[in-house]
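K.L.:
Quick one: the structure is below, and I'll ask about it shortly.
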Amino acid sequence: MRTFSVLNGLSVISLEGGEEIGKVIDLLFQETKVKGLLIDKNGWLNRHLFVPLDHIHAIGHDALIIDNVNMLSSYDKKQFPYFTLHNGVKKIVGKTLMSTEGEKLGLVEDVYFHEKMGNIVGYEVTDGFIADLKEGKRVLQSTAPLTVGEEVLVIDLNC
């Protein structure tokens with residue numbers, strides 16, 4: 001199980017050509033399934049690329065390895081209507097997480113997921129900097145789909 005923050009900023013390397021393609025900048029998901037990662041491509045034309053989770057060869061401490069560059073596709077929000085953690089209008093980081101029972105749980109900071117299966121299994125939430133120093137961040141586990149609104153996220157913690 002991993003958090004996205006461990007992957008954020010990792011170099012993406014092609015196993016076939018040994019070239020660095022870019023850096024991981026976001027995670028894309030739908031309901032409780034991670035669909036892939038968003039890559040900020042190296043070069044003058046900073047296009048974002050999408051790599052499906054099942055096309056990742058390995059995730060290491062220093063880099064993410066893909067088999068070859070042909071596995072990547074240009075990222076188009078219309079073609080990939082997924083939620084994101086950090087980028088775009090469908091991002092969830094910084095939004096208030098509420099339970100289905102009406103309890104405010106905190107602000108979403110990260111997600112926990114199984115890298116092989118792609119299942120999101122938990123959400124890291126914060127109550128603010130001072131609370132994090134005193135009590136630490138909390139991890140809320142749930143396999144239920146997240147209801148994503150413009151301002152608020154709702155989750156069933158009984159699943």
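FYI, it's all coordinate maths here, none of it is from the lab. Not measured: the values here are computed from a predicted model. Because the Cβ atoms are built from the backbone with ideal geometry, glycine has one as well, and the counts that use them run over all protein chains shown.
K.L.:
Does G18 satisfy the condition of being farther than 21 Å from K77 by Cα and not in a helix (DSSP H, G or I)?
P.N.:
Numbers: farther than 21 Å from K77 by Cα: yes; not in a helix (DSSP H, G or I): yes.
In short, yes.
K.L.:
For region 29-45, does any single residue satisfy the condition of being assigned to a strand (DSSP E or B), among the basic types (K, R) and over 17 Å from the mean Cα position of the chain (by Cα)?
P.N.:
We begin by selecting, within region 29-45, every residue assigned to a strand (DSSP E or B); these are 29-30, 33-41.
Of the ones still in play, those that are also among the basic types (K, R) are 33, 35, 41.
Those still in the list that are over 17 Å from the mean Cα position of the chain (by Cα) too: 41.
Yes, there is a match, as at least one residue in region 29-45 is assigned to a strand (DSSP E or B), among the basic types (K, R) and over 17 Å from the mean Cα position of the chain (by Cα).
K.L.:
Surrounded by fewer than 18 Cβ atoms within 10 Å (Cβ to Cβ) and over 26 Å from V152 (Cβ atoms): does that describe E19? Before the answer, list the steps.
P.N.:
Numbers: surrounded by fewer than 18 Cβ atoms within 10 Å (Cβ to Cβ): yes; over 26 Å from V152 (Cβ atoms): yes.
For E19, the condition - surrounded by fewer than 18 Cβ atoms within 10 Å (Cβ to Cβ) and over 26 Å from V152 (Cβ atoms) - is met.
K.L.:
Mind checking whether some residue in region 58-72 is touching a residue at least 12 places away in the same chain (Cβ under 8 Å) and within 15 Å of V111 (Cα to Cα)?
P.N.:
no
K.L.:
Give all pairs with beta carbons closer than 7 Å in which a residue from region 83-95 that is basic (K, R) meets a residue that is outside any loop (DSSP other than H, G, I, E, B); count only pairs at least 6 apart in sequence or on separate chains.
P.N.:
Correct list of pairs: K90/F83; K90/T84; K91/T84; K95/L107; K95/V108; K95/V152; K95/L153.
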